[in-house]
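Here is the structure we will look at, set down as structure tokens.
The values are calculated or read from the model by the stated rules, or taken from the named source; none is laboratory data. Source: prediction; values computed, not measured. With ideal geometry, Cβ positions are generated from the backbone for all residues, glycine too; neighbour counts draw on all protein chains shown.
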Amino acid sequence: MGLAGSLTLHALAEAPSAAPLDAFMTLSEALTGKSGLNRAVGDRLLRALQKGSFELGDGLPKLAGALAANALTPDQEALALRILEAWYLGVVDNVVVTYEEALMFGVVSDTLVIRSYCPNKPGFWADKPIERQA
């Protein structure tokens, strides 16, 4: 995480009254290393996380402070991993919150298409694959 990300996390840690979605998006961008995450998806993920065992309260600002200081407790690490899992898989507590917007597809988008869509004509899989240029 760069200096700018660290400063944003410190600011969040010192402002526990920040709106939950703003805090969640700041943390999400720091954790994923991606800026400009979709706020509508973030809102749906946050709502889904809150329905489960996700502790909101002052947990997000405390997580931001611990992340900025690189001093996560085991509980904070578990919370950070849950946020990452939600963004990358698009699933929270075995419920699909988003499919197309899940970050996992961006990681392999240079090679694979999202599997719910046919990328070619019927039976295309029997032909020799066309190599993509890097």
Worksheet item: Which condition does Tyr88 not pass, out of (1) without any contact (Cβ under 8 Å) to a residue 12 or more places away in the chain; (2) closer than 30 Å to Glu131 by Cβ, if it passes all the others?
Response: (1)
Item to complete: Say whether the condition of being modelled with pLDDT of 85 or more and either of a type in the set (Asp, Glu) or over 22 Å from Thr8 (Cβ atoms) (or both) is met by at least one residue in region 111-133.
Response: no
Worksheet item: Before we move on, is Ser35 outside any helix (DSSP H, G or I), at pLDDT below 90 and of a type in the set (S, T, N, Q)?
Response: no
Discussion item. Any residue in region 20-37 that is over 20 Å from Glu77 (Cβ atoms) sitting within a Cβ distance under 7 Å of a residue that is among the acidic types (Asp, Glu)? List the pairs, counting only those 6 or more apart or interchain.
Written reply: Leu21/Asp43; Ser35/Glu29; Leu37/Glu29
Worksheet entry | Residue check, Val95 loosely packed, with under 13 Cβ neighbours inside 10 Å and closer than 23 Å to Ala23 by Cβ | yes
Item to complete: Kindly indicate which of Ala102, Ala4, Ala15 is of a type in the set (Gly, Ala, Ser) and modelled with pLDDT of 90 or more.
Response: Ala102
Item to complete: Quick one: in region 48-84, of everything that is surrounded by fewer than 15 Cβ atoms within 10 Å (Cβ to Cβ) and charged (D, E, K, R), which residue is modelled with the highest pLDDT?
Response: Glu77
